[in-house]
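We did not get these values from a lab; they are worked out from the coordinates using the rules stated. Since the structure is predicted, the reported quantities are computational estimates derived from the model, not experimental observations. All Cβ positions, glycine included, derive from the backbone under ideal geometry; neighbour counts span all protein chains shown.
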Amino acid sequence: MVNEESFKKLVSHAKEYGYVFPSSEIYDGLSAVYDYGQYGVELKNNIKKYWWDSMVLVHENIVGLDSAIFMHPEVWKASGHVTQFNDPLIDNKDSKKRYRADSLIEDYLQKIVGKIDKEITKAAKRFGDDFDEETFRKTNPRVQANLKKREEINSRFIKALEDEDLPGIRQLIIDCDIADPVSGSRNWTEVRKFNLMFETKLGSVSEEANTIYLRPETAQGIFVNYLNVQKSGRMRIPFGIAQVGKAFRNEIVARQFLFRMREFEQMEMQFFVKPGDEIKWFEYWKEERMKWHLAMGINPDFYRFHEHDKLAHYANAAFDIEFKFPIGFKEIEGIHSRTDFDLSQHQKFSGKKLQYFDPLSKESYTPYVVETSIGLDRTFLAVLSNAYTEEKVPDANGNLEERIVLRIPAPLAPIKAAILPLVRKDGLDEKARRIIDNIKFDFNCQYDEKDSIGRRYRRQDAIGTPFCITVDHQTMEDDTVTIRYRDSMKQNRVPTANLNNIIIKETNIRSLLEKGVEGV
Ligand code: ATP
């Protein structure tokens, strides 16, 4: 379900507290392009490090790569992007709004599923412990009718997509009586294809032959370097290549904050395997990737797998991991078994052999690929939306007051500790500075001496700082400080000398990695 109100609050909190700004805001912004502010960039870097380490540090057989954004234009012919990387778009003649035709139908299908779920929740409440969902699904006439309707529409939809039947997609929108979500109008244009790649020119001569593209995914940089890495790193199959980098898509509908941007970052890992082993590795990566998400401590009910109804022509298995964003359950990561499609295409188009010689079996083959592809910005949005909490807590006088706290997992939090002298005199401020000088090489710290201590705590809550360390008069006597925990607001008095250990234990990315490997 879409929670517009909480989404709006999140967007404005992100701006007010230095996480995310609209791009070129003083010129009224640029549609679907965002800048990360002083805290946003730290959170983003921490997520990136968590992902990178989970691939490259933890796995002996995965190495990194940083390929260029610009690539030879033939790459995108070989990959199919020049001809295939299209979305079907449709305009509403009355509202003049443009939509992805497939998204309109997907949302409609989702609404039917929502109706079915509602019936089930209602019945589960009515019948209590005696409720048997499976029997209810099979026997309740309303559920049955909706399941049948969904099935019929979905199979028409998949067929139309497979056949690239644009009039068929339009007919489905008409037959389902789908209205423009903004104006309610059903006055639709034809459906047209729209290529999502951004073009630009290389060099100073503006000719067709100089047209190059801003990469729409990072994966192709990995494929074209497969042999370079395999040979120079003496890699043995199975092995993986991981990359984090910018990708660019001229998205048709881009009104969903960080969820759908025109410039965004991907974290992709392509795992090269022996043909025939791909499903085994696909299952492995599917589970591993879900563990990675869950290790962040986010409610497991916010994640689910979604199997692709329609496989891309080169894939033989594909699942998405979906996250419950404030705009509903949506894809955050794709895990795809891509067969030997990419390497074979590049062999064909470049005329260069991209094979692997197996030293044990003495045979050569084109490796198969299992890909994990996750959006960095969508992960950022997931962490931020899960972290944002409004709650009532007692103030210094015991009265309830509202606090906004970002419960970001401590290892990902932008600032790990704020050091706060209780007052700006009696040497407390200098002592606080000395503490910072000691720990600033290990953690991102912040010094704050303005306003009451309560207000300073609230400021740190709003940016998600897990620890507030207060220097008071007792500190000057026995070299202890109070440490306040963001989530519980509990306070402990600890020796200053222990601060490093306490903070390391709670904020080390290692703690996430260990959970992710062991499973949660
Ligand atoms: P969608 O169906 O939502 O457009 P996709 O299936 O096209 O996504 P992929 O090509 O599989 O996405 O890209 C891998 C990941 O990159 C996605 O799971 C998502 O997290 C991220 N991603 C893709 N497009 C965008 C975008 N426009 N803005 C932000 N992140 C994106």
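Taken together, ILE212, ILE237 contain a single residue that is away from the ligand (no atom under 14 Å from the Cβ) and more than 17 Å from LYS77 (Cα to Cα), which is ILE237.
Of everything in segment 245-296, what is assigned to a loop (DSSP other than H, G, I, E, B) and away from the ligand (no atom under 11 Å from the Cβ)? Give them in sequence order.
ARG255, LYS274, PRO275, GLY276, ASP277, ALA295, MET296
Checking the structure you have, find out if any residue of segment 466-473 is under 29 Å from the mean Cα position of the chain (by Cα) and acidic (Asp, Glu). Looking for residues that are under 29 Å from the mean Cα position of the chain (by Cα) and acidic (Asp, Glu), one finds none in segment 466-473, hence no. Taking the criterion of being within 16 Å of the ligand (Cβ to nearest atom), touching a Leu at 6+ places or on another chain (Cβ under 6 Å), within 17 Å of GLU331 (Cα to Cα) and part of a loop (DSSP other than H, G, I, E, B), would at least one residue in segment 297-313 satisfy it? Yes. You will find that of LYS431, LYS416, the residue that is within 13 Å of GLU506 (Cβ to Cβ), surrounded by 15 or more Cβ atoms within 10 Å (Cβ to Cβ), in contact (Cβ under 8 Å) with a residue 24 or more places away in the chain and not small (Gly, Ala, Ser) is LYS416 and no other.
Among the residues making up segment 479-513, a single one is of a type in the set (Asp, Glu) and either outside any loop (DSSP other than H, G, I, E, B) or surrounded by 14 or more Cβ atoms within 10 Å (Cβ to Cβ) (or both): GLU506.
Considering only residues in segment 186-226 that are among the polar types (S, T, N, Q) and part of a helix (DSSP H, G or I), the one that is farthest from the chain's Cα centre (by Cα) turns out to be ASN210. Only one residue in LYS324, LYS330 is under 30 Å from SER12 (Cα atoms), crowded, with 16+ Cβ neighbours inside 10 Å and more than 12 Å from the ligand (Cβ to nearest atom), so which one is that? Unique residue meeting the criteria: LYS324.
Applying the set (1) more than 33 Å from the chain's Cα centre (by Cα); (2) part of a strand (DSSP E or B); (3) touching a residue at least 60 places away in the same chain (Cβ under 8 Å) to SER364 leaves exactly one unmet item: (3). Scanning segment 108-140 for residues being under 26 Å from ALA254 (Cβ atoms) and without any contact (Cβ under 8 Å) to a residue 40 or more places away in the chain gives a total of 2. The set of residues from segment 392-436 being under 35 Å from the mean Cα position of the chain (by Cα) and assigned to a helix (DSSP H, G or I) comprises ALA410, PRO411, LEU412, ILE436. Would you be able to say whether some residue in segment 217-239 is in contact with an Asp or Glu (Cβ under 6 Å, 6 or more places away or on another chain), β-branched (Val, Ile, Thr) and within 19 Å of ARG338 (Cα to Cα)? Looking through segment 217-239, at least one residue is in contact with an Asp or Glu (Cβ under 6 Å, 6 or more places away or on another chain), β-branched (Val, Ile, Thr) and within 19 Å of ARG338 (Cα to Cα). Considering only residues that are free of Cβ contacts under 8 Å to residues at least 40 places away in the same chain and among the aromatic types (Phe, Trp, Tyr), which ones fall in segment 141-194? Listed by number, the list is empty, since nothing qualifies.
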